[in-house]
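First comes the structure, then the notes that go with it.
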Amino acid sequence: MDTPASTKNDPYASLRFTEFNYFLIIRFALVFALAMQFAIIEWKVYALSKDPFSLGLIGLSEVIPAVLLAPFAGHLVDKLEKRAVLLKCIIAYLFISTGLFLLTWDQAVAGIPTRWVLFMIYTLVFLGGIVRAFTSPSTFTLLSLLVPRPLYANASTWSTSAWQIGGVLGPALGGLCIYWFGVHWSMLLVVAIFLAPLFSLIQIKPKPIYYKPQGESFFDGLTQGMRFVWNTKVVLGAMALDMFAVLFGGAVAMLPAFATDILHVGSLGYGVLRSAPAVGALITMFILAHRPLSHKPGIKLLAAVFGFGLTIIFFGLSNNFYLSLLLLLLSGTLDGVSVIIRQTILQLKTPDEMRGRVASVSSMFVGSSNELGAFESGFAARVMGLIPSVVFGGCVTLGVVITTYIISPAMRKLDLKP
């Protein structure tokens, strides 16, 4: 795939490839539907249980299969045609969302003990974790097949922007729909939204498979991505930094409790708070599409994650809705820097034949840290209390950044030139 000379320094270069535009619709619609679904389910679960720990169990239910299956999924995706794998994942999400729609129908579950309704919700979330194990590497790999290599950084920025737009609108619309229509009919809208990525994926042609068997054993094939990440220190450092920051510094999973018990803003305020980090990240994405991080990106990454930790600490201490909203917006702005740099590192450093496996390792490190962070936050909130648990998590994030700066010269010297 050739790169026209006119695309040099063009912030819209990757958008000139038709299939990449369909990919952005897929990226947006998937995240939009999933983010909206999680916001609705989190609200429903907290309404049923009134226990922050139950919110943590949502994350745990998804992360267990996502982590356990990640190496196998990445190995399989490298061997298979990526478009076909992603198509099956979207269809599976449709079935899972339909199940959640039925479970949130009060007439359908009338008379069933609350613990069993929660168990069935957690079970469907668990199945979603299985699907996610395959969705992440197939999406990551498909992107690299739609644009030339010199445009990977630009394409990663736009891909992440589409992801963040979905992350903005999904929770916000979820909160509004709960306020307007209730949980049950809001879930029906989620089911309908999953049809958009299904249609868009059909517009993309099947892609070549770059995997070349080299006589390795099945176990070696599974672990090759892990070995690559371990031996590529800048990739390992970026993944570990992001993982620990999200694991301990993520307060989003506790937002239903903050909205209900601390800020007293109801479902409408919850939707606004839930979307604030993604709004901030989206601002970052558009800025970085025009002004790439070419000068000392490693130092900027460390500074951004440090600032992220500070905003989480102050958010935990705030009891004012508007201040909390501003702090969540800032946290998303700073987190956007981390996401862009990490995705660019992965696209530039990963060989074509290993993209699925490396993406699976990334999912284990970073993607799953959101859910593990939700469980950690729920557990810490039960043990320490809601506010102290969030402040503690932000302090741990600061410690992780300082440690990474000291022990990782590769991060301090990071260069993102293709």
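None of the figures in this text is laboratory data; all of them are computed from the coordinates on show. Just so you know, these numbers come straight off a predicted model, no measurement behind them. Cβ: placed from backbone, ideal geometry, glycine included. Neighbour counts: every protein chain shown.
Would the stretch 228-286 count as rounded, prolate or oblate if I go by the C-alpha gyration tensor, calling it rounded below 1.5 in a/c and otherwise prolate when a/b exceeds b/c, oblate otherwise? The partial results should precede the final answer.
Working: a/c = 5.24, a/b = 2.19, b/c = 2.39.
Cα axes put the stretch 228-286 in the oblate bin.
You can think of it this way: the chain between H264 and F72 has 64.7 nm of extra reach, that is 0.36 nm per residue less the Cα-Cα gap. Distance distribution note for the stretch 19-107: the fraction of Cα pairs above 16 angstrom is 67%. With a simple spin-label model that places each label point 7 Å from the Cα along the Cα-to-Cβ direction, the separation between N21 and I283 comes to 2.9 nm. Each label point was placed 7 Å from the Cα along the Cα-to-Cβ direction; for L323 and K79 their separation is 5.6 nm.
Of all chymotrypsin sites (Phe, Trp or Tyr not before Pro) in the stretch 50-108, which ones are in loop regions per DSSP and have a Cβ with at most 10 other Cβ atoms within 10 Å?
none
Each of M120 and K233 was given a label point 7 Å from its Cα along the Cα-to-Cβ line. The distance between the two points is 5.4 nm.
If packing is taken as the average number of other Cβ atoms within 10 Å across a peptide's residues, how do 196-209, 32-45, 386-399 rank, most packed first? Each step should come with its number before you reach the end.
Numbers: 196-209: 15.6, 32-45: 25.2, 386-399: 19.9.
The densest-packed peptide leads the list: 32-45, 386-399, 196-209.
Add +1 for every Lys or Arg and -1 for every Asp or Glu among the other residues with Cβ under 11 Å from the Cβ of F134, and state the total.
Working: positive: K82, K88, R132; negative: none.
Around F134, the surrounding residues sum to +3.
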